[in-house]
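Bear in mind these aren't lab numbers, they're just calculated from the coordinates by the rules spelled out. Being a predicted model, the structure only gives us computed values, none of them experimental. When we count neighbours, we look across all protein chains shown, and the Cβ atoms used for this are built from the backbone with ideal geometry, even at glycine.
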Amino acid sequence: MKKMQQHIYKTIDFPPLTDEQKKELVLLESKSESEIDYSDIPANLDTPIFPYYFQSLKVPKTAIHTKIDNDNLEWLRKDGKGYQARLNNVIRWARLNNCPISTL
């Protein structure tokens, strides 16, 4: 049996928000959707940007063997290549959104 490599995950220490950035966020939060200027965002975003941010972090991976229900695998594969990345993104979303796995 292969010994699992131990990976050290580095936390990205973003610089703290400036007072100006904090004021801008407070202002944005007080506006309705129709008042926010989205002109600097591409008009045709077919896929969300969020997963690509995490993929760009180059998180270390561990190869495992597991079984997955056929319907779940079919759902992950329906958009073509990249189903393993999609699976990771689903798990990451659940973790970041405090999905209670102990009660599943």
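Brief remarks follow.
- Distance between the pseudo-spin-label points of residue 18 and residue 62 (7 Å out from Cα toward the beta carbon): 4.2 nm.
- When peptides 77-89, 21-33, 59-71 are ranked by their average number of other Cβ atoms within 10 Å per residue, the highest-first order is 77-89, 21-33, 59-71.
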